[in-house]
Structures are given as C-alpha cells and as structure tokens.
1. Just checking the output field for A:136-142: average partner chain Cβ neighbours within 10 Å of each residue's Cβ?
2. Determine the relative contact order of segment A:44-247: mean sequence separation of Cα pairs under 8 Å and six or more apart, normalised by residue count, in whole percent.
3. With r defined as the distance between the Cβ atoms of C:GLN6 and A:ILE107 and R0 fixed at 41 Å, what FRET efficiency is calculated, to the nearest 0.05?
4. Once you've got the Cα coordinates, tell me which of C:LYS17/C:LYS77; C:LYS69/C:LYS199; B:LYS165/B:LYS223 are over 18 Å apart.
5. Within segment C:10-47, list the residues whose amide N lies under 16 Å from a label point set 7 Å along Cα→Cβ of C:GLU72.
6. Taking R0 as 41 Å, what's the FRET efficiency between A:HIS291 and B:GLN159 from their Cβ-Cβ distance, rounded to 0.05?
7. How much net charge surrounds B:ALA189 when only other residues with a Cβ under 12 Å from its Cβ are counted (Lys, Arg +1; Asp, Glu -1)?
8. Could you put C:ARG220, B:ARG55 in order, starting from the residue whose Cβ has the fewest other Cβ atoms within 10 Å?
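Just so you know, all these numbers are worked out from the coordinates, no wet-lab data involved. Bear in mind the structure is a predicted one, so any value in this text is a computation, not a measurement. Glycine also receives a Cβ, built like all others from the backbone with ideal geometry; neighbour counts cover every protein chain displayed.
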Amino acid sequence: MRALAQIWQRHDLGKWIIGLIILLLLALPLLQYIPSEETLVTNLLLFSFTQMFMLVTLASNWNLTGGFTGYVDFGHAVFFGLGAYGTGIVMAKAGWPFVPALVVGAIVSAVFALLIGGATLRLKGPYFSIAMLGTLVAMREIVRVSRPLTGGGAGLTLPPYLNRPLFYYITLVLAILVVLFIRWLRQTEFGASLIAIREDEVGAEMRGINTTRHKITIFIIAAFSSGIVGGLWAYQNTFIDPDIVFLPARTVEMVMMTMLGGLGTVAGPVIGAATIYWLRDVVWANFLDYHLIMQGLLLILIVLFVPEGIMGTLGDRSGTTVGRLWGKYISPAREGTTQAEVNP
Amino acid sequence: MDQFLQAMINGIMLGGFYAAMVLGFSIIWGVMGVINLAHGEFIMAGAYFTWMMNREYGWEPFLALIVILPVFFVAGYILQRILINRVIERPHLISLLVTFGLSIIIANVYKLAYTGTPRTVESAFSGFWRAGEVTIPITRSYVVVAALTMMAALHLFLQYTRLGKSIRAAAQNREAAQIVGIEIGRVYAITFAICIALTGAAGMLASPTQAVFPFMGAPLTLKAFAITAMSGLGSIPGALMGGVVLGLIEVFIATYVPGIGTNLGIVASFVILVVVLVTRPQGLFGGLKPAGAL
Amino acid sequence: MTGNGQQPLLEGRGVSKYFGGLAALSDVDFAVYSGEVMGLIGPNGSGKTTLFDCLSRVQEISDGQVFFKGKEITNKKSYQVAHMGLARTFQVIRVYRKMTVLDNMLLSRQWGGQGMLQIFRPSQQRTKKRAHELAKFLLLDHVIDEKAGNLSGGQQRLLEIGMALMPNPDLILLDEATSGVNPTLIETIKDRIRELNEKEHKTFLLIEHNIHFIADLCSRVVVLDYGQKLAEGTPAEIMENEAVIEAYFGAYGEGENDSEA
C-alpha cells in the first residue's frame, strides 16, 4: 500500500488519471455517433452516469458540513428536496423556464439553511444530527399537507424535457465545478478554520475564529449546491413527491459514500459515490429486492471496519475518521475521563 | 369545552402510549450511551408479531405478549452481543450510524416478508365508553393501563432487584461498578434485552390503534428521541411526563389547527426538540443523567 | 511595572459564576496590569480554571463584569476577545493530536477581524515563517513534523503555548503550564515566559500548583479558595499568609483525616 502511495505521489499520477477520466467522461455521449454493430452508449447508460454525477455532488456537499466542519448532518436531503420543490413549483405552477426556476430552488434551499442553521448549528454532535433528521422528516410532512402549493402527497409534475445528453453534461460539469471549488476552499483560511472547528471548536473559537459565522456560511453553501442538484433531479425526473425527495435514505447515502471514500477529504466523496453507485447498480441490480437491506449492511460494515475511508487508507491525512469526529462525545461508559474536563 | 376535554383525554392516552414506547430507548441511551435509531423498527416488529398472532390464531393483541416478550428478549441479547457491544464505548456517531443501518435492514426485511400493504389488528375491545359528551376508546384505555403497568414494573425492578441496581450502577459509573464485581458485559446484554422486549411490547400496544406497515418506525424513533432528550436519559417519570406532554401537544394541534391532521405530530416533536435542546440542554426533568451531558 | 493609577490590562469586578446551586466563583475582584507576570493559585476546586473560562469568555459570567484594555468584555464571545489580544491555554491539553506540530501551529494563527471576503485568501506564507520561528523558540523545531499526539506531555504543553502565541497576543492566560512536565522543560518554560515578558512586553496570568515556579516568575499572586479571593500580594507575602497556608495545608495537616481531593 505504501509503495503504491509513494509512486502515486512522485509522478503525481493522480492528476493524469483524473484528467484522463474527465476526458473520457466528456467524450462519452459523443460515442453515440460512432457507427458500430451494437449501441455502445445508450440513453440508459447516460442516465446512469447522470445519477452518479449528482450523487458525487451531493456527497461532496454533505462532506462540507460533515467531513470538514464535523457537523454530521443526517437531514441534508432536505436541501435537495427544497431545491426540487422550489424549481418544480415555479415551473409547474408559474410556468417559469428552467434556468431561473433552478436558481429559485437553490435560493429557497439556501434561505432555509440560513433559518434552520441558526438554531440547529448550536447543537452539538448527535443532537445536531438528529435535529436535522427531524427537520427532514418535518419538512416532508409540511410539504405533504401543503396541497395547494405543492400538490401534496400526490406529487408535482414538471414540464417534460427529455434530453439525456444535456443532463449528462450539466451534471458532469456541476460535479467537476463543485469538486474544484471544494479543493480551492480547503486551501483558503476559511477552509482551515473549518477544520479547526472540527478538531476543537472551543479551542478554535478561543483562537479567534467566529465559529457561528463560519458554520452558517458553509451550511448555506452546501445547501445551495444541493438545492441545485435537487432542481436538476426534479426536472430530469419530471415528477416529484414528498416521499421520493425528502428521503432519509438519501442522506444515508451521502454519509456512507463520504465515509467510504474518506470523511473530510476532497476526493473521498467522489470515490465513495462512484464506488457505491456502481456497487448498487451493477452488483445489486441482480438482487433488486435485497438492495436496501444490503445498503444497511454496507453502512454497518463501513462504520465498523473502514473508518478511515479509502482515501485515508491510501495515506490522505487531511481527512478525519468517524471515530475522531465526536471523540469528545463518548458514552457514559467512559465517564471517568470526561469528568476531569468538565469539572474545573 | 367538551372538545377541550376530549382533546385532553386523547392527549393523555396518546401520551401514555408514548411513555411506554420511550422506555426502552431511554434506558439504552442512559445505560449504554447508545442512541438506538432502530428503535422504531423494533416497535414495528412487535406490531407485526401481534398482527400475525391476530390473523393466524385470532389472538387478542395483548396475548401476543406471550410470544413477544421472550422472543424479543432473546433477540435483543444476541443483537447486543454481536453488534451493539462494538459500539458501546465508541463515539455516538458510530452507534447512530450502525443503528441506522440496522433500522434500514429491519424495515426492508419486513417489507420483503410482508409487503408494504398496511395491516390492521382486530381487537374485541374496540368501541367506546361514553362519559357525557366525551368518548373514551376502550382499546386505548387498556393500552394506557398496560403502559403504566410496564413503567411501574420497570421502576420496581430497577429500584429493588439486584440486577436492577447493577444496571443503575453501571449507568452512573462503569468503572466503579466493575470494581465492586458487577460484570458489565452481562449487565449491558441483559439491559439491552429487556429494553428490546419492552420495545416489542410497545409495538403490541401500538398495533390496535394504528396501521401496521414496514416504515411506521421512523416517526416513532424521532419522537422517542425528542421525549428522551427533553426528559433526561433513563428517567421513567421523565418518560411519562415527556410522553404525555408530547401526546397533548399533538392532539391539541390536530384538534385546533384546521386541516392539519396527525402527520404534523412529527413537526411538533421536532420543534419541541430543537427548542428544548437549544434553551435547556440539561433536559426538563431529572434522570440518570441530563441529555446534554454526553 | 505595576504603577498605581495605571489602568489594568485585564480587570474583573465582582465576578461570580454559578452552576445550579453551586457557586464556583463568588464576587471576585482582581486586576492584571500590563507587563506583569501574575500568578493565580488555590487548592483544587477553588475556581481557578472557571475564572479563566469566564475571563476568556468560554463560559458565561453569572454576575459581575470583566474589562480588557479598558473595554467591557463581559458579554463578548471568545473569538472577539481573542481578536482584542487575549490568548489562553487549557488545563487539559487540547492540541490536535493527529495533526503535526506545524499544522497545529498553523491552525492557531489569528483570523478575521477582517471582512468576510478576506477569509477566502489562501494561507499566508508569512504565517508559516512565524510558525517555524515559534517552534524554534519553544525547542519544538526538531519535532515539527511529528504528530502532536506522539509528543511528550511537556512538549505538548510547549506546543500549546506556541499555539497561544501564534496570533501575537498581548495577554496570555496559562492554565497549569507545568503540570505533567519534567523539571528541565519547566526551566525552559520559565525562561521563555521571562523572555517574552521582558523583551516583548507580554503580560502573563498563570494558574499553577508549582509554588516555586510562581515564586520565581510572578511579581504578584492572587489566591482563590472556594471561589472567593482569599489573598493577594507578592509571592513572599502569600507564602506567609496564614489563611493561605490553612487553605492549602489545613486539609492535609497532621492529625486531620480529611483528604481533600
């Protein structure tokens, strides 16, 4: 493993391979036009990839609050859903064209993040996580009962637009942009502050970081980005309802992918998303019924046995592990150690 | 006025159920520091057991306890030994994720076995008592009685039996408990087993009054979390008060806010949860330890 | 150095802190003057760290006021106070264990006070230089790429001091900087504090159990007991103060069987 990592670093193989992959991905839809006996590239394949790109983006967004800042959000799907509904409502009910509608969806998401973050980001560790899960479920029900606006449980239908290659490109470009953005962010002082907050929030605040402002800012950024994905998804799917969109399982996906890839690393969510997506689609397509059960099992296995994630195992030290994230919040079984900290 | 009274009674009855429902969750958290996100799924499983007995043998729901209690006890014991044990001394995030994974597995196993069609449980005790303008559903009354019995039994067990005291000791200071000879591993396993049995029983309590389907667990888990966080970990009186408060709030919102319905019970619990956690992290009532001091 | 009539750098008036029914601090008045090295001592549980928490705004103050550089900071947040030039270390060592010494130092640089846009600047080269310099100053340069968790207790204490110094603060609160440190390093720490105090005019407030350390370094000492100020004066005066002796040793006196934990 070590030797591999060293070779990797020395030749900066990473950049070349990534470049190559991106080129391939960009070219993929064009392969449709190569005359051949079989269809190499079907719309279904493009659709598949589109889903994967969206997952990569979502996992990366989640990683912003979860992996970088240490606030494990169990309800992140709510921003995805708000983006979906924001876009959907404005297109279906007000007849807006897609692009402005998408912006509206993202803004709705961001504004909600501002409002809810003010309250939930004060909570620590598991309380934050579950409060966000509660937010997700609550929003689902709110959308469900707001029939006049959202179509309620019956859902909302958007104007159809079937252009698989276009969605493919849009989501691919979005994913690339988001990952690049995150990479840049990490190099800034803002990024370093987030990591400090994750490692020791009290200490970070003592050393001059306005933790509240930082937390809310990254929260809004992640929400905005996931809102965009939500809007895209809604348009592509043409139909949304509260249950598909505000799905706790979606957040779990993001968590799992990021953890598998490496919490708090830049490449982690990308690798994790790709891996899990293909595992799901390729391997599990054969076991359709057991699909979610296996997902649950996978989550347990990842948590217990691969805490560093793939990137961590490959030597990327920039991230963190599930264990370290809430090292302070250990069970009462270890009461002895925490008391010393709590009582001056 | 009658509407108010009716709402009060409904709220208290719902609260009684919630209190019983919360017990297992609260104690697991308080004693072992594990937040069991699969809690609702165990309730669901208990409800399904009840339905099976009801459909196959025509058993009254309460009779299903004969099957549920031992089965869930054993299942809980085994589960604790093979899985939960690994997450006890580790950060909460791990137990959250593992139990969350567990919840997905259980819910979908049941979906496979029984499909997503909602099931109903028939009870001979359906019907109402009337007191003036107020109606009191019979089944729910029995549910409340059963719930109170469970709580009293649990309380007596924890206070007066040796095992109960060991559990409380382990919750408060693990090392000291071990020093005086309490075998922690066994205590944890038995505690978990008891709690799962209680939770299965809660499933039985739930079955006559709501539709039984594989995904009914999630809102219940959230409510359990809200109540426990509010009322302190491992606190039985806290569970009672917290449960009743939540029940009352849900019913009153459903009664007095037009066109809403009980779906928004979730919203209510969530809002309460966030408000309480932000303003009073130590919880509202005492318990083994306050919710904020993890 | 401590002239009367000079405005204190840090001042607390009637500071009180209650945890439920327990008064961790009762009505504590004190002042730290610019350029001093002041000591804060007292038996365990006397409220020293709580006082630090209140001063550095890590905890809310139940009653009373605190002033830093003449401005009231009673209700400010800890990062605001940090911007004003106050730094502190913690009783339980809080370094980022899995990160290198260098990363620890870099994560402690001064942030903000700037507008929102500024924080998106890339990390400054300037800061790296300062981190290296400080590491050298604290004898940590040979371990600068080691994981902080691998350092000895004493080295971790030094690292904490380094982290506190990164933003170039005016007042440094050190909480038990010598606890768990071997005697040689203690001398080093003493040395460094003296140097920072004399050459760079930095003010120190030290919580200590090590009486010799305090006697050597501090010009003034405040004694706390049960959350109240018991005595104040030079180290020599304090060590002869009967009430202080009783507070510390009364519980450990011969023939007495309470052992105060």
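1. So the per-residue partner count for this stretch is 6.
2. 43 percent
3. E(calc), rounded to 0.05, equals 0.15.
4. C:LYS69/C:LYS199; B:LYS165/B:LYS223, as the Cα separations exceed 18 Å there.
5. Within reach of a label on C:GLU72, which here means backbone N under 16 Å from a point 7 Å along Cα→Cβ, segment C:10-47 contributes C:11-16.
6. 0.30
7. Combined, the nearby Lys, Arg, Asp and Glu give +1.
8. If I rank by nearby Cβ atoms, fewest first, I get B:ARG55, C:ARG220.
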